[in-house]
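The values are calculated or read from the model by the stated rules, or taken from the named source; none is laboratory data. All figures in this text were calculated on a predicted structure; none of them were measured in a lab. For neighbour counting, all protein chains shown are included, and Cβ atoms are generated from backbone atoms with ideal geometry for every residue, glycine included. Accessible surface areas use protein heavy atoms only, side chains included; no ligands, DNA or RNA. Shrake-Rupley method; radii C 1.70, N 1.55, O 1.52, S 1.80 Å.
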Amino acid sequence: FSCNLSDLLCSFLGLLYQEYRDKSTREEIETRRLQDSQTDPEETSPSEETSSEAEPTSTNENKAPPQINLLRNSNSRFNLWQDLPEVQNSGVLSILQPDEIKLQEAMFELVTSEASYYKSLNLLVSHFMENERLKKILHQSEAHILFSNVLDVMAVSERFLLDLEQRVEENIVISDVCDIVYQHTVNHFSVYITYVSNQTYQERAYKQLLQDKPAFREVISQLELDPKCKGLSFSSFLILPFQRITRLKLLVQNILKKVEEKSDRESTALDAHKELETVVKACNEGVRKMSRTEQMISIQKKLEFKIKSVPIISHSRWLLKQGELQQMNGPKTSRTLRTKKLFREIYLFLFNDLLVICRQIPGDKYQVFDSAPRGLLRVEELEDQGQSLANVFILRLLENADDREASYMLKASSQSEMKRWMISLAPNRRTKFVSFTSRLVDCPQIQCVHPYVAQQPDELSLELADVLNILDKTDDGWIFGERLHDQERGWFPSSIGEEILNPKIRAQNLKECFRVHKSDDSQRRKLGSRNRQ
């Protein structure tokens, strides 16, 4: 580059990362909508590539003089690698193949988004953390919980960005960025695990400070009103590192979809993706660990055993689902009875390895009268049994607390609640639609157009532009889905998404997903082979 790339990237910093990320995902959604509406997806132009934070500009915009500060205008599209004066004047756009240009855009996007992220981190530190009034209000321990190791995270981002800048400065045509991602993930990104694992403490401390310290509440409100924050909340800055490490994995996936197969760049991208996946999983586990432990202690205190006591608290155990169901009284021959006392309430606690069946007793307590390992549970739906037996299913315990087989006829409050219990109780049971992991040629898919935060353990939190396979759906507005980029499963309301109707787009999404996760598949096959031996 003839100009200093640092100056160029500073121009890209017109958007804070929260704005950059929100805008990019919304453009991604619009791109998919456009593709999905086309009768022949093969006619999709190179600028309509999916899963990208940066989307190419129209022909008219390309002809206009490149303005690096396009990002400052909230109504403009992102500035791209191909729009840079140095790139346009070099003549490389007439030499490179369209696929290589798309790859350049994907790599350049990773660099510019890191620059935007670094700016937001810097604002969190300089504007909030180092504010003199805030420092006087907060005790040192409170400040430590609230900001954790954000200085370490920012230092890692700065070092990462400098290496990315240096690579881009080497040549107008970027050789690769995934090798840099790999090195930094392996050597430096453990700081993200520390920060994200503190999230539960952080959220709790923030709520407590808002409640207990009016002066803290007042200063935070004033700082949020500063034009620098662009109307964004303090909490949106605190959550940045978790959002970034997750998004970074998706950006590498986007590069991986565009590199030539069986090439060195594919190998490097796969290595970088694998390491990022490890960090993201460790972050997720760190967040879950504390809340799970507290939850298990709380449940243990509420249980009274009518049968032989089962130790509930275990480091490898967590709650999957809990709730009330109606149990049918009497033998199966009484199914046709229509009396009001046909069913009575029972309460289930389902853990990842254990089911505990209880009756609620006074004092917010539960009396346990049966249990079984989760692996020894089977479910069966009753169909066309009339209104009184609607949403009823059979739960079989192949070996219960008395070492014998037991059956329960259970009624749920709705069709979705029945299906959610059945899938949680017997996760390997075949769903209405087959999972992508079965390598099905086609499967219903949905893209998220409204973010969703899980309310129950069996639900899935979704980000804008997430694409999921639909594994099951209910008549009362719930979908059981599997997210393509990480194969996480869970329930969510159908209202938050739009179904992808074009079969060629669905097939393309699956193909890209198989490619991204092929190293995982290879690892699983090796593991399976060792296990068989």
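For region 445-527, a crude dipole built from +1 on the beta carbon of Lys and Arg and -1 on the beta carbon of Asp and Glu, taken about the Cα centre, is about 660 debye to the nearest 20. If you count the DSSP beta bridges with both ends in region 445-527, what percent of them are antiparallel, to the nearest 5? About 95 percent, rounded to the nearest 5.
When peptides 400-409, 496-505 are sorted by average Cβ neighbour count within 10 Å, with the highest value leading, the order is 496-505, 400-409. Projected label points at Lys301 and Lys365, each 7 Å from Cα along the beta carbon direction, are separated by 1.4 nanometres.
Please calculate how many Å² of accessible area region 445-527 carries per residue, with a 1.4 Å probe and no DNA, RNA or ligand atoms counted.
For region 445-527, the per-residue accessible area is 42 Å².
Cα-Cα over 32 Å: which of Lys207/Lys518; Lys207/Lys301; Lys249/Lys473; Lys230/Lys274; Lys135/Lys321? In this structure, Lys207/Lys518; Lys230/Lys274; Lys135/Lys321 lie more than 32 Å apart at Cα.
In the context of the full set of protein chains, region 346-409 has a per residue accessible area of 45 Å² (1.4 Å probe). Normalised by the number of residues in region 445-527, what is the relative contact order in percent for Cα pairs under 8 Å and 6+ residues apart? So the answer I get is 27 percent. Taking amide H atoms as placed 1.01 Å from N in the peptide plane, the amide H of Asp370 lies under 5 Å from those of Ile357, each 5 or more residues away in sequence or on another chain. Region 452-513 and region 156-213 have Cα centres separated by 28 Å. What residues from region 224-257 fall in the zone where the backbone N is under 14 Å from a label point 7 Å along the Cα-to-C-beta line of Val125? Those under the cut-off are 241.
DSSP loop (so not H, G, I, E, B), at most 15 other Cβ within 10 Å: list which trypsin sites (Lys or Arg not before Pro) in region 249-280 pass both filters.
Lys262
Annotation: peptides 354-363, 297-306, ranked by per-residue average of other Cβ atoms within 10 Å with the highest first, follow the order 354-363, 297-306. For the peptides 225-235, 454-464, 183-193, residues were scored by their other Cβ atoms within 10 Å and the scores averaged per peptide; the highest-first order is 183-193, 454-464, 225-235.
Residues whose amide H comes within less than 5 Å of that of His485, counting only those at least five positions distant or on another chain, are Val467 (H built at 1.01 Å from N in the peptide plane). Evaluated on region 445-527, the Kirkwood hydrodynamic radius is 13.4 Å, with distances taken between all distinct Cα atoms.
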